[in-house]
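These notes are about the structure you will find just below.
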Amino acid sequence: MSQVNKIKKSWMEYLGIGHKGGLQADRADSGEAVTAEFTSEDVLESPAPAKVEEDAYKECDSCKKSFLTSEIKSNFYVCPNCGYHFNISAKRRLKLLVDKGTFRQFKYPEVSENPLDFPEYEDKLQAQRGKTGLDEALIAGVAEVDGHELVVAVLTSRFLMGSMGVAVGERIAYAVECAEKLKLPLLIFSASGGARMQEGIMSLMQMAKTSAAIERFNQKGGLYISYLTHPTTGGVSASFAFLGDIMLAEPKALIGFAGPRVIEQTIRQKLPEGFQRSEYLLEHGFIDRIVERKEMRNVISQLLKLHGM
Ligand SMILES: [Zn+2]
């Protein structure tokens, strides 16, 4: 197949022509009922495939003090000395957040693995899958937090820097659509380096798709809580991550579009201290509240309760 035809095929798939996954938003408009499908496996309880021995001690990346790994674990993976929030996996975050045994993962729509036939991309995906035990950079499903049911999606920076390609975009759109149809609140945790390079323009299109899905959800009166974690950048911050009705962030998370070095080179000015960190964004009105991880579950539960969800 020629390169032009391949791109054309990808576009057709993206638009849902001759493809069963398709553009989810189209189905929402057609009035066809979305029957949220779930996988049967309890993903949060299944062990990671490449289980590595954990060190007894762990050094804090910020203050450089060492602690017993068990001590850090019992402190929600936060440094007991300086409050540094360690990077946690998507499954770990879900375990810390949801009521035990309530998470049901969506059976996501199928999408092209390698829409532009980018060299060595499939091998890279396979390697990431083996390493992380995830099939993509996002897990989404329905769960309960303190008895409140919601749709929750978690991006992880551990899988190709949480970059958004067609699969991630489609999963976000699907999660939003399910929240709309099931009349549930929506919570998305972002952690991303931005668009997925290997999917070129297809990955940029996900910004429009996810934003449109959120807007539709918004018009139907849905509640969307966006929770930004370290790092939330690029095309993810420039689309669904910043469209929350309520914007939360973890302490000291890097949040922005382009990195500080690129901005400094472009505007030829020194950037202020703490630029693009949660605290700076809170001060400048982009974020409603910074939530420490040990408060995460409690804050989400309270917000859902306040909104009568
Ligand atoms: Zn520390």
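None of the figures in this text is laboratory data; all of them are computed from the coordinates on show. Because the structure is predicted, anything quoted here is derived from the model rather than measured. All Cβ positions, glycine included, derive from the backbone under ideal geometry; neighbour counts span all protein chains shown.
For the range 128-262, what proportion of DSSP beta bridges, expressed in % and rounded to the nearest 5, is antiparallel? Intermediate values should be presented prior to the final figure.
Details: 8 of 24 bridges.
In the range 128-262, DSSP labels about 35 percent of beta bridges as antiparallel.
More than 15 angstrom separation, counting every C-alpha pair in the range 218-281; what % is that?
Values: 1104 of 2016 pairs.
Everything past 15 Å amounts to 55 percent.
Do you know the relative contact order of the range 76-221, to the nearest whole percent, from alpha carbon pairs under 8 angstrom that are 6+ apart?
Details: 220 pairs, mean separation 33.1, N = 146.
About 23 percent, as a whole number.
Can you give me the relative contact order of the range 61-113 as a percent, contacts being Cα pairs under 8 Å and 6 or more apart? Please list the in-between numbers first.
Working: 20 pairs, mean separation 12.8, N = 53.
Answer for the range 61-113 is 24 percent.
With the cut-off at 1.5 for a/c, could you classify the chain from its C-alpha gyration tensor as rounded, prolate or oblate? The partial results should precede the final answer.
Details: a/c = 1.38, a/b = 1.25, b/c = 1.10.
Verdict is rounded for the chain.
Between GLN126 and PHE257, with labels modelled 7 Å along Cα→Cβ, what's the label distance in nm to one decimal, could you check?
Result: 3.8 nm between the two label points.
Which one, MET197, MET247, MET207, has the greatest fluctuation when you compute a Gaussian network model over the chain with C-alpha springs under 10 angstrom?
Of MET197, MET247, MET207, the most mobile in the Gaussian network model is MET197.
Net charge near SER203: determine it from the other residues with C-beta under 11 Å of the C-beta of SER203, scoring Lys and Arg +1 and Asp and Glu -1.
Values: positive: ARG196, LYS209; negative: GLU199.
Result for the local shell: +1.
Can you give the net charge of the other residues whose Cβ lies under 15 Å from the Cβ of LYS124, counting K and R as +1 and D and E as -1?
Values: positive: ARG129, LYS131, ARG158, ARG196; negative: GLU113, ASP117, GLU120, GLU122, ASP123, ASP135, GLU136, GLU199.
Taking every other residue near LYS124 into account, the sum is -4.
Once you keep just the Cα pairs under 8 angstrom separated by 6 or more residues, what percentage relative contact order results for the chain?
Working: 554 pairs, mean separation 45.4, N = 309.
Relative contact order here is 15 percent.
Of all alpha-carbon pairs in the range 174-309, indicate the percentage at a distance above 20 angstrom. All intermediate terms of the calculation are to be shown ahead of the outcome.
Working: 4567 of 9180 pairs.
Percent of Cα pairs beyond 20 Å in the range 174-309: 50.
Distance from the Cα centre of the range 238-263 to that of the range 103-152, in angstrom?
For the range 238-263 versus the range 103-152, the Cα centre distance is 22 Å.
Past 24 Å, Cα to Cα, is the threshold; run LYS73/LYS95; LYS131/LYS252; LYS58/LYS294; LYS95/LYS252; LYS73/LYS131 against it and keep the listed order. Present the calculation step by step, with values, prior to reporting the outcome.
Details: LYS73/LYS95 12 Å; LYS131/LYS252 27 Å; LYS58/LYS294 19 Å; LYS95/LYS252 22 Å; LYS73/LYS131 21 Å.
Long pairs (Cα-Cα over 24 Å): LYS131/LYS252.
On a 0 to 90 degree scale, rounded to 10, what angle separates helix 3-14 from the longest Cα axis of the chain?
Here the helix axis deviates by roughly 80 degrees.
Treating only the Cβ of Lys, Arg, Asp and Glu as charged (+1, +1, -1, -1), what charge dipole size does the chain show about its Cα centre? Round to the nearest 20 debye.
Working: 38 positive and 40 negative charges, 79 e Å.
Dipole magnitude for the chain comes out near 380 debye.
Between the range 190-213 and the range 57-77, what is the C-alpha centre distance in whole Å?
34
What longest region of the chain stays clear of trypsin sites (Lys or Arg not before Pro) that DSSP places outside H, G, I, E and B and that have at most 15 other Cβ atoms within 10 Å?
Numbers: sites that count: LYS20, LYS51, LYS64, LYS65, LYS100, LYS107, LYS183, LYS220, ARG268, LYS270.
Answer from the scan: 108-182.
Amide H to amide H, which residues 5 or more places from MET164 or on other chains are under 5 Å from it, using H placed in the peptide plane?
Correct list: GLY194, ALA195, ARG196.
Rounded to whole Å and sorted largest first, list the principal axis extents of the Cα atoms in the range 152-208.
Cα extents, longest axis first: 35, 21, 13 Å.
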